[in-house]
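Trainee: Here you go, one structure.
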Amino acid sequence: MKRMKTLSVAALVTLLSSAAFAADTVTVQLDYVVRGNHAMFFVAKKKGYFEKQGIDVTAIQRGTGSPNAMRIVGNGTAQFGFGDLPTLAVARSQNVPVVAISAVNQHSPLGMLSLASKHKLTKPSDLKGLNIGVQPSGSTYVFLKAFLASNGMTMDDVKQSTVTPPYESYLLLGRVDTVPGYIDAEVPELEAKAGGPGSLSIMQGSDFGYTVYGSGLFTSEKMIAEKSDLVQRFVTAYTQAFADVIKSPKEAADIIVEANPEYADKKDILVKQIEADVKATFFSADTKAHGIGWMTKEKWASTAKILLDQGAMTTPINVDAAFSDKFVAGAKPLKQ
């Protein structure tokens, strides 16, 4: 009897110890299909960075657009998400309780794309009268409205066709003249199908008044309020992987493919997507001073003002509540 009691106590101690050290389980919601700037999640999982922080990422779910990703994280179905940060501002104006915790793309990678053989895009007014393919509920629509307004135009100056992502086929088949798209995501894929480098005419929004953040990592207000330590550990692991992705895009692409074998034939495109971000969107004066992923109130206020002034967002937001830099600061990010 005494031995059984001793065993029971030992079993209880083991059970309590296991419970104390059980990893926190989380789900990640992506904005769309897997792309190069999603690499951090897969790298952090493959290299054990999440595990080291006591986190078990049970799923990295593909999405149908940034607005839906915001809703999924906002309602607690997923704990962390990745998506377009101007769209996050719009979501907050609609009472979706999401908070940006790392600005991966310091400059928006969104721009207008066309086939160079058909339409040369050198200035915003070149869009007048063109048939633009866009999904009205997506981040590209938020960009399109703001971009046109930034340059003295409205949707009345263009023709609009509602299309379902992915947009490539509509452009390649000539069903639309131009589409809004991500230079770090769509361009490498489109060029591969359209004839290689130089086959596209590209007009980046940040060169013509659309000076806002691009995509980034976010979570919910509830997670920050109730599980701040978990959020910090997640951002620490994510930021460590971010530095690895910058250092070796090819390794990052290999890891993405290992986790998603159906992307094996797109490995070169994934590398090009990451390299495009390294070249054009990951870095800024703020990342040089404070580290990758950094955000400032001034840039968020500017982002919100552009969206509000140009009608992409109809209700002002509390900028201070839209983002938090304390988690990136706690991760001690690479300065570059």
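Trainee: Fewest Cβ neighbours within 10 Å first, please rank Ser248, Ser93, Ser114, Ser108 accordingly.
Mentor: Ascending Cβ contact count within 10 Å gives the list Ser248, Ser93, Ser114, Ser108.
Trainee: Please report the net charge: other residues with Cβ closer than 14 Å to the Cβ of Asp207, K and R +1, D and E -1.
Mentor: 0
Trainee: Which log10 I(q)/I(0) values does the range 12-168 give at q = 0.13, 0.15, 0.17 Å⁻¹ under the Debye formula, counting every alpha carbon as one identical point scatterer?
Mentor: Log-scaled intensity ratios, in q order: -0.73, -0.90, -1.07.
Trainee: Also: Taking only the alpha-carbon atoms of the chain, what semi-axes of the equivalent ellipsoid follow from 5 times the gyration tensor eigenvalues under a square root, in whole Å, largest first?
Mentor: For the chain, the ellipsoid semi-axes come out as 39, 22, 17 Å.
Trainee: Also, quick follow-up: Charges on Cβ only, +1 for Lys and Arg, -1 for Asp and Glu, centred on the Cα centroid of the chain; of Val179, Phe327, Val33, which one is farthest towards the dipole's positive end?
Mentor: Phe327
Trainee: Tally Lys/Arg at +1 and Asp/Glu at -1 over every other residue whose Cβ is under 14 Å from the Cβ of Thr87; what's the total?
Mentor: Here the count lands on +1.
Trainee: Could you tell me how far the Cα centroid of the range 98-175 sits from the Cα centroid of the range 26-73, in Å?
Mentor: Cα centroid to Cα centroid, the span is 26 Å.
Trainee: Provide Leu230, Leu217, Leu85 in ascending order of the number of other Cβ atoms located within 10 Å of each residue's Cβ, fewest first.
Mentor: Least to most surrounded, the residues fall as Leu230, Leu217, Leu85.
Trainee: If only Cα atoms are counted, what is the Rg of the range 95-162, and what is its Dmax, in Å?
Mentor: Calculated on Cα positions, Rg and Dmax stand at 14.1, 44 Å.
Trainee: For Lys159, go through the lysines and keep the ones whose alpha-carbon is under 16 Å away, minus same-chain ones fewer than eight residues off.
Mentor: Counting by Cα, and skipping residues close in sequence, Lys159 has these lysines nearby: Lys128, Lys145.
Trainee: Let me ask something else about it. Suppose every K and R has +1 on its Cβ and every D and E has -1 on its Cβ; what is the size of the dipole of the chain about the Cα centre, in Debye to the nearest 20?
Mentor: Magnitude of the dipole: close to 800 debye.
Trainee: How high is the relative contact order of the range 110-207, in percent, counting Cα pairs under 8 Å that sit 6 or more residues apart?
Mentor: Relative contact order here is 48 percent.
Trainee: Further question: Taking a 23 Å limit on the Cα-Cα distance, which of the listed pairs Lys52/Lys267; Lys227/Lys288; Lys288/Lys326; Lys47/Lys193; Lys193/Lys250 fall beyond it?
Mentor: Lys52/Lys267; Lys227/Lys288; Lys47/Lys193
Trainee: Taking neighbour Cβ counts within 10 Å as the exposure measure, how do Phe242, Phe208, Phe80 sort from fewest upward?
Mentor: Sorted ascending by nearby Cβ count, the order is Phe208, Phe80, Phe242.
Trainee: If you look at just the Cα atoms of the range 107-217, how large are its Rg and its Dmax in Å?
Mentor: Answer for the range 107-217, Rg first and Dmax second: 12.6, 37 Å.
Trainee: Please figure out what share of the DSSP beta bridges in the chain is antiparallel and state it in percent, rounded to the nearest 5.
Mentor: Counting only bridges with both partners in the chain, antiparallel ones make up about 60 percent.
Every read-out reported here was derived from the displayed coordinates using simple, explicitly stated rules and does not represent laboratory data. Note that the coordinates shown come from a computational prediction; the quantities given were computed from them, not determined experimentally. Using ideal geometry, Cβ is built from the backbone for each residue, glycine included, and neighbour counts are taken over all protein chains shown.
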